[in-house]
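Accompanying notes for the structure given below.
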Amino acid sequence: MLSSLLRRFAPLWFVLGMTGCESGEPPLGPPESPDAGGPLLAYTVDRYDFAFDLTTREAASRLWLGVEAGARGCLSLPAREEVTDVRWGGAPPGGLRVADGRVEVCGTTPPDGPLWVDSRLVIPEATTPYTQVGLSRRPDAQGRPFTYLLGWVESCDLFGPCDPAPGRLAHFTFDITHAPGEVVLCPGSLSRRDDKHTRCELLGTRAPTYSAFMVASHPAWTRTRLVDSDVGRVELYEPQGGLLGPAIDAAAVADFLAWMTARFGPLPYGPELRVASGPTEWLGMEHPANIILRDNLPLLPRSYANMTLHTLMHEIVHQWAGDRTTLASAGDFPWKEAVAEYLTYVFEDEHRSEEATWTLAYWDRLARTASYYLRPRDSPAPPFLTFVNDIYGTGPMILLVQLESLLGRAQVLAGLQAFLAEPGVRSIEDLRTALEAASGRDLQRYFDTWVDGEGEPDWPYFQVEWSQADALTLTVTQRTQTGKAYPCEVELELQGEAPEQRRRVTVSYGLEPESATVGLMVEGLPWKVQQVAVDPRSRLVNRRSPGLVREPAPQAWRL
């Protein structure tokens with residue numbers, strides 16, 4: 001996801017959303033016991049069949065559950081209190097209670113074969129504050145309605161009983177009834193029985209509930225093929241005269257698809273990827289085999305050099321990183337966005353270098369004002385929406401770009417290939433383990449200092465002192481409130497009186513720094529140094545905290 005809350009109030013510019021690497025299924029069942037009706041049964045939801053009428057907002061849901069055969073007891077699932085017509089294996093349940101945000105349904109499980117639980121719900125036309133999560137109908141610039149049923153992290157119970165944990169992967173089918181001629185998109189393979197019925201099936205690669213619960217429609221979408229290649233097809237759904245089509249470099253999208261599939265395998269949800277426009281809160285949102293982009297992206301202030309292309313590539317990465325391989329918990333959201341941003345940046349750096357420079361500069365600006373660590377240990381925990389909007393700069397910088405300098409890009413990419421190699425559930429700890437295996441280096445101290453913490457981040461600000469005689473002597477000191485030394489590598493640009501008098505040098509603290517101060521001697525410099533710029537390419541979180549030494553103004557600002 002690219003959230004358009006990225007930092008205005010929190011307009012999520014991007015988007016999208018702790019256990020170890022999946023060794024089987026995630027832990028089963030909910031945490032509470034029923035008051036009556038038998039013991040609480042452990043379960044997994046293997047498949048959701050979701051039927052929805054866009055005109056009446058009526059939804060019918062069937063959950064196929066993995067449970068102990070022939071057991072008597074109750075299931076407790078998160079659900080809205082408005083849920084009705086709950087059925088157990090097609091029959092009235094032996095016990096039923098809907099309260100406190102859960103539906104408790106009781107009976108005896110089949111002696112063989114799966115159990116299914118049915119229910120109905122009229123989904124309200126409402127969204128959670130500051131997001132578009134829920135069901136919304138919004139007019140586009142021409143007043144035509146864009147309808148969006150949107151799930152997100154731990155929110156699928158808005159649409160019926162479900163297991164909302166981010167690490168639950170399942171199959172899905174969608175049967176959508178709509179106005180004649182309405183163009184409807186949903187996850188998986190798409191078919192239309194007639195002009196009022198659309199069906200989608202997601203029965204191959206599993207997906208998480210946070211991105212798979214999605215239905216989008218627009219009466220004026222027309223389909224245009226952007227990419228038709230050996231690695232995939234990209235179809236654009238946009239009204240005539242829309243802004244996205246002219247702004248998307250189709251050749252660059254084809255190159256990026258080839259670049260991604262060469263490293264991470266085929267598109268996880270089939271060779272067709274559907275990209276659609278709409279008046280959305282977020283810049284973009286990933287769904288299996290679908291991407292929804294904000295329809296006025298090309299008109300927005302340019303946080304990235306090419307807002308539309310960068311956002312589209314970011315969401316494409318999520319097909320692998322976030323959908324096929326998903327979050328172990330809501331607290332693991334940073335790795336998902338960091339990986340999507342980082343891989344987009346690496347492609348830009350290799351193929352569109354000026355855009356990569358802009359991307360790093362934007363991340364650097366965001367990182368200077370982050371309010372939380374990537375894995376905050378605050379008690380109480382920070383509001384999730386605030387936390388996730390804080391990680392779009394620090395996430396890719398800390399989890400990946402800074403490690404490029406210490407480990408090498410090849411090692412970071414190899415770690416990501418292993419991390420995303422198989423479908424399943426991954427945590428930030430799993431990312432550390434994959435990067436350690438690829439590089440042969442111990443990253444525990446790096447993660448302890450950069451990733452984990454409580455309160456406002458105490459990330460370092462770098463102060464440089466120098467003297468110059470026969471050689472230039474540099475002393476670089478990390479300034480923090482606590483005095484801790486952070487593992488990192490710091491690039492410095494030496495600047496002389498004339499514009500052409502510039503040289504870049506690097507000082508390294510390594511992965512196990514013993515001191516907050518390091519020195520470097522530079523010989524053979526034929527001109528006198530006037531200023532030293534720290535991190536000129538914006539590859540390091542160089543954060544000045546209140547109360548520390550004053551940060552010198554760049555030479556260009558001096559009058």
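The figures follow:
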| read-out | value |
| --- | --- |
| Dimensionless Rg over Rh [segment 275-368; C-alpha; Kirkwood] | 0.96 |
| Segment 83-169: C-alpha gyration tensor shape, a/c 1.5 cut-off, then a/b vs b/c | prolate |
| Translational diffusion of segment 403-545, µm² s⁻¹ [Kirkwood Rh, Cα pairs; Stokes-Einstein; 10 °C; 1.306 mPa s] | 94 µm²/s |
| With all protein chains modelled, accessible area of Glu500 [1.4 Å, Å²] | 140 Å² |
| Protein-only accessible surface order, largest first, of Ser229, Ser155 at 1.4 Å | Ser229, Ser155 |
| For segment 222-291: rounded, prolate or oblate by the Cα gyration tensor [a/c cutoff 1.5] | prolate |
| Cα shape, segment 202-347, gyration tensor, a/c 1.5 rule | rounded |
| Accessible area, probe 1.4 Å, largest first, for residues Glu104, Glu354 | Glu354, Glu104 |
| Bins of 10 Å from zero: percent of alpha-carbon pairs in segment 337-433 | 14, 45, 33, 8, 0 |
| Beta bridges by DSSP in segment 192-304, antiparallel share as percent, to the nearest 5 | 55 percent |
| Signed unit charges on C-beta, dipole axis of segment 414-465, positive-most listed residue Val451, Leu416, Phe462 | Leu416 |
| Per-bin percent of Cα-Cα distances, segment 189-248 [5 Å] | 4, 12, 18, 22, 23, 17, 5, 0 |
| Gained length - Asp228 relative to Ala179, 0.36 nm times residue gap less alpha-carbon distance | 14.6 nm |
| From phi via Karplus (6.51, -1.76, 1.60), per-residue ³J(HN,Hα) for segment 335-348 in Hz, x at Gly/Pro | 5, 4, 6, 4, 5, 5, 5, 5, 5, 4, 4, 4, 4, 4 |
| The chain: antiparallel DSSP beta bridges as a percent of all, rounded to 5 | 80 percent |
| Set of lysines near Lys484 by C-alpha distance (under 30 Å), chain-local residues within fewer than 8 positions excluded | Lys336 |
| Rounded to the nearest 20 debye, dipole of the chain from Cβ charges on Lys, Arg, Asp, Glu | 840 debye |
| In Å², nearest 10: area of Lys484 left accessible to a 1.4 Å probe | 70 Å² |
| Linear extension gain, Glu354 paired with Leu300, 0.36 nm per residue minus alpha-carbon span | 17.5 nm |
| Net charge over other residues, Cβ less than 14 angstrom from the Cβ of Ala321 (K, R count +1; D, E count -1) | -4 |
| Point-charge dipole on Cβ atoms (K/R +1, D/E -1) for segment 303-440, about Cα centre, debye to 20 | 260 debye |
| Reciprocal of mean inverse Cα separation for the chain (Kirkwood radius, Å) | 25.2 Å |
| Signed unit charges on C-beta, dipole axis of the chain, positive-most listed residue Ala321, Val253, Tyr342 | Val253 |
| Most positive-pole-ward Cα, Val507, Ser76, Gly89, against dipole of the chain from beta carbon charges | Val507 |
| Solvent-accessible surface ranking, highest first, for His287, His197 at 1.4 angstrom | His197, His287 |
| Interatomic Cα distance distribution for segment 315-359, bins of 5 angstrom, percent | 6, 24, 25, 18, 14, 10, 4, 0 |
| Lys, Arg +1 and Asp, Glu -1 on Cβ, resulting dipole of segment 189-272 about Cα centre, debye, nearest 20 | 320 debye |
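The values are calculated or read from the model by the stated rules, or taken from the named source; none is laboratory data. Model, not experiment: these values are computed from the prediction. Quick reminder, even Gly has a Cβ in these numbers, built from the backbone with ideal geometry, and neighbours come from all protein chains shown. Quick note on the areas: whole protein, heavy atoms, side chains included, nothing else; ligands and nucleic acids left out. Shrake-Rupley method; radii C 1.70, N 1.55, O 1.52, S 1.80 Å.
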